[in-house]
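Written out below as structure tokens is the structure these notes cover.
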Amino acid sequence: MGLLNALRAVRCYLSPLSTSKSWLSTKASLLGDRNILLMGAPGAGKTTVGRIVAHRLGLPVIDVDDDVLEKSWKMPVAAKLAAVGGERFLEEEGDALCNFSASGCVVSLTGSNPLHTAAMKHIKESGLVIYLDVDSEDIVQRLTRMKVNRIVGQETGTSMRDILHYRKQFYERWLDLRVLCGTGDTVEEVAEKVLKAMERYQNHASETFVSTRGDGAESKTLFSDVVVEGLATDGGLYVPKNGFPNIDAREWLRLVHMSYPERALILLETCIHPLDVPASDLRTMIFKAYGSNFSSEAVAPVKHLIHNQYIQELFHGPTASFKDLALQLMPQLFAFCLPQMCNYLILVATSGDTGSAVLSGFSRLSGSDTHRTGVLVFFPEEGVSEIQKLQMMSFREGNARAVSVLSDFDFCQRSIKRMFGEGGLTGHLAVEYSTVLSTANSINWARLLPQVVYHSSAYLDLCRDGAIKFGEPIDVCIPSGNFGNAMSAVYAKQMGIPIRRIICASNHNRIITDFITTGEYDLRARPLALSHSPAIDILKSSNLERFIFHVSDGDGHLVKELFTSLDRQQHFQVPEPLLGIIQQEVLAGWCSEQDCLAAIQSVHTHTGYLMDTHTAVAKVVADRLQDASCPMVLCSTAHHGKFAPAVFKALQIQNIPEDPVEQLKKLGSTASRPGIHRDMMKCLEGSSRKEHTVCQAEYGALVEEVDNMIQSSFLKVM
């Protein structure tokens, strides 16, 4: 589009936003004297978008190619490139930009400016860098039509796709804000996205969080606050006040062929304000979280199981469970958001998998953060598998340890929440030890948020592999205990993933199934029954609070009333109209111990695939509730090796080795899909079978362990 046509488009494209949004009225109200720096690949539309944005904001516009380089060189850019060659061109271009000075302008950078470090450091100091992330195929088609001949790299015969791929790393390095452009977006649509991105940046204070038990009053609690605090002061759970951003279908299509870390980066950028965690820091964290520590390059691959059922393998992280998908990232977010001059003790209740995943994630922190952060895990002595216990016991160095309790998970979780609510205890720890309590259970928002990514990624994988076209629905079936996994699927749906049915699968404890069926949550005279799927041996599901807040349209008064009743009377009943909404959002079913083991054997016999016990629970429930009209994704939340004795029982294998390492080897020789989990094997081979601390089922005993942990971890470095 030429300049004349672009200006005509601008005049007819003035949306209501330009008059109804006060933030657009003057440049001072937006960024003051800072520049708006548009960065992107050649052919991304930076020049035209810059003119549209400048017109909308009433700002001067500068095009680096036309207004800086050509005036400085007194010759066309294409001629300069032909005269001096690509390498010299980049140096002279960078030198020209280093001498450039402007303020309060919209500046369209060249596609090669970001390749010059000194120039970008200089220009970035003057303003906000907005990356126009345009689809490479759109750019290639546009440049082909334009017959552009002034792009560094063309003179050597390098293909345009290779040039774009190489340059992307530099754009990612320098960006402050990303504008993700959908396939086929017009320059006018891109300009509108730029304005919205700037509005979001300016309105950081509007991206706040509220408690599920709050009254909806104005909140000033930001992402960085909720990550560190964990639990709201009124006992509720934090949720974003404005819900989740909804992503356009054309933008989702951009993610189809991306890697898992790339998808995670883009999705989490939309959920975490850049003033809480800058884009460059978030990128570093994500690529560290989902790198070589995962045994599958795909991180969370989706594989066909049988008929129209697929399994998403969420166990390729270092501790072989789905908790790694969140807990390889969450500790980094936590450390980044930590205030200075204070110690933090992370308290965790686990039914098995969370414990080792938390210990693994926090053990990967480096620097001063390791000295200011401690982790204390409580787990039921008789409620986890032997391999889960050994995994937790393998973390004995540094400020981290696990303690078993002669009770169940619910007691551990209830005790931790009680500690948070006792002002005398938290005040004592703050005054005496300069220590603040936090949590890494899924009640912490930073633990739950990354799980939204893998539900989205499963759908995108099915699109990439041709199983569905974008927009066609899928069902998901999730082994459910604390409801965090299911809740993250609800949020993925809210962001625009076409999930039709979210099915919650319970074992014989079936508290979630009973609630979704009847609307009654009843813990009275209901003992916890141990099962072959211990990670969902839970009766008090914390994230159900977020779900009820969601389906009740943010009714904090109702949530507070219901969960206060649950705390005091061990019971509540939701109103009948609300039950109808709940049953539209989710379905639920439960699986007996016998059916769980039978499913493991049947699937192995027919497909050669060996499921763990939790995945088997999901398979049984999915078979009962699926109508086969669309693909079903089963969330495989753990590697089968973590529950070897139960899997041996399902396969009717006799003469089981006593040593857990030998058990894994024997299972590896029994089934090749999926293979032996190398990280889990390595962890067990190096783990110590020494005695571990066992606590009585008394609240005071757990508080004493907290006190001991603080004194042994923090006092020695104070």
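The values are calculated or read from the model by the stated rules, or taken from the named source; none is laboratory data. All figures in this text were calculated on a predicted structure; none of them were measured in a lab. Note that we place each Cβ from the backbone using ideal geometry, even for glycine, and neighbour counts take in every protein chain shown. Surface accessibility is based on the protein's heavy atoms, side chains included, excluding ligands, DNA and RNA. Shrake-Rupley method; radii C 1.70, N 1.55, O 1.52, S 1.80 Å.
Data overview
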| item | result |
| --- | --- |
| Check on Asp248, closer than 27 Å to Tyr459 by Cβ, touching a residue at least 60 places away in the same chain (Cβ under 8 Å) and surrounded by fewer than 18 Cβ atoms within 10 Å (Cβ to Cβ) | yes |
| Any pair with Cβ under 8 angstrom, 6 or more apart, that starts in segment 368-393 at a residue that is farther than 15 Å from Ala320 by Cα and ends at one that is assigned to a loop (DSSP other than H, G, I, E, B) and β-branched (Val, Ile, Thr) | Val377/Thr350; Phe378/Thr350; Phe379/Thr350 |
| Test: residue in segment 401-424 that is more than 26 Å from Val239 (Cα to Cα) and out of contact with any strand residue (DSSP E or B) (no Cβ under 7 Å at 6 or more places or on another chain) | yes |
| Hey, Glu472 of a type in the set (Asp, Glu) and either open to solvent by 50 Å² or more (accessible area, probe 1.4 Å) or in contact with a His (Cβ under 8 Å, 6 or more places away or on another chain) (or both) or not | yes |
| Members of segment 120-142 found to be open to solvent by less than 10 Å² (accessible area, probe 1.4 Å) and more than 18 Å from Tyr166 (Cβ to Cβ), listed by number | Ile123, Gly127, Leu128, Val129, Ile130 |
| Filter result for Lys220 (under 27 Å from the mean Cα position of the chain (by Cα) and exposed (fewer than 15 other Cβ atoms within 10 Å of the Cβ)) | yes |
| Helices (runs of 4 or more DSSP H) contained in segment 1-94 and holding at least 3 residues more than 30 Å from Asn203 (Cβ to Cβ) and at pLDDT 90 or above | 70-73, 77-84 |
| Candidates Leu634, Leu651, Leu684 - the one that is modelled with pLDDT under 95 and within 26 Å of Gly481 (Cβ to Cβ) | Leu684 |
| Residue match in segment 701-718 (condition: under 30 Å from Phe648 (Cβ atoms), out of contact with any strand residue (DSSP E or B) (no Cβ under 9 Å at 6 or more places or on another chain) and at pLDDT below 90) | no |
| Neighbours by Cβ (under 8 Å, 6+ apart or cross-chain): first from segment 89-100, closer than 18 Å to Arg150 by Cα; second charged (D, E, K, R) | Phe89/Lys80; Glu92/Lys80 |
| Qualifying residue in segment 497-508 (condition: farther than 29 Å from Met611 by Cβ, assigned to a strand (DSSP E or B) and open to solvent by 20 Å² or more (accessible area, probe 1.4 Å)) | no |
| Out of Asp176, Asp215, Asp225, sole residue that is within 21 Å of Gly111 (Cα to Cα) and open to solvent by 30 Å² or more (accessible area, probe 1.4 Å) | Asp176 |
| Subset tally (residues that are in a helix (DSSP H, G or I), more than 16 Å from Ile516 (Cα to Cα) and open to solvent by less than 80 Å² (accessible area, probe 1.4 Å)) for segment 545-558 | 2 |
| Residues satisfying the stated conditions in segment 37-61, i.e. among the hydrophobic types (A, V, I, L, M, F, W, C) and out of contact with any helix residue (DSSP H, G or I) (no Cβ under 7 Å at 6 or more places or on another chain) | Ala54, Leu59 |
| Segment 289-317, residues that are over 21 Å from Ser360 (Cβ atoms) and either in a loop (DSSP other than H, G, I, E, B) or not aromatic (Phe, Trp, Tyr) (or both) | Val302, Lys303, His304, Leu305, Ile306, His307, Asn308, Gln309, Ile311 |
| Condition check for Ile676: open to solvent by 10 Å² or more (accessible area, probe 1.4 Å), in a loop (DSSP other than H, G, I, E, B), without any contact (Cβ under 8 Å) to a residue 24 or more places away in the chain and over 30 Å from Arg500 (Cβ atoms) | no |
| Yes/no for Gln332 being assigned to a loop (DSSP other than H, G, I, E, B) and farther than 23 Å from Thr615 by Cβ | no |
| Answer residue from segment 344-367, given it is among the small types (Gly, Ala, Ser) and within 18 Å of the chain's Cα centre (by Cα) and is farthest from Met681 (Cα to Cα) among those | Gly361 |
| Count - residues of segment 242-282 that are of a type in the set (Ser, Thr, Tyr) and either at pLDDT below 95 or more than 22 Å from Asp225 (Cα to Cα) (or both) | 2 |
